[in-house]
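The values are calculated or read from the model by the stated rules, or taken from the named source; none is laboratory data. Remember, it's a predicted structure, so these values are computed and weren't measured experimentally. We place every Cβ from the backbone using ideal geometry, glycine too, and count neighbours over all the protein chains shown.
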Amino acid sequence: MKIALYIILGLAGALLIFNFTKIDYSAPLEGNSAVAVISVLACLCAMLLLIILLISRKIVEKKKRRL
């Protein structure tokens, strides 16, 4: 499961970079650029959630070692 989380995190990072290239910075909220901005925000949210999940799993492992 741990490897899968890192793979998904990498894919989200790749999508983030791809969508950054699709943004038209002169008009970021028009046409296809708006979709790219929304996709960038979605990728950031997904990455944040995955990082929180990884950190919480590390905390659980440390807690189990103490007991």
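Checked against the criteria, ILE52 counts as of a type outside the set (Gly, Ala, Ser), modelled with pLDDT of 95 or more and surrounded by 10 or more Cβ atoms within 10 Å (Cβ to Cβ).
The set of residues from the stretch 1-52 being of a type in the set (S, T, N, Q) and touching a residue at least 12 places away in the same chain (Cβ under 8 Å) comprises ASN19, SER39. Taking the criterion of being assigned to a helix (DSSP H, G or I), more than 11 Å from LEU9 (Cα to Cα) and not hydroxyl-bearing (Ser, Thr, Tyr), the residues of the stretch 26-44 that qualify are ASN32, ALA34, VAL35, ALA36, VAL37, ILE38, VAL40, LEU41, ALA42. The set of residues in the stretch 1-25 that are part of a loop (DSSP other than H, G, I, E, B) and not acidic (Asp, Glu) comprises MET1, ILE23, TYR25.
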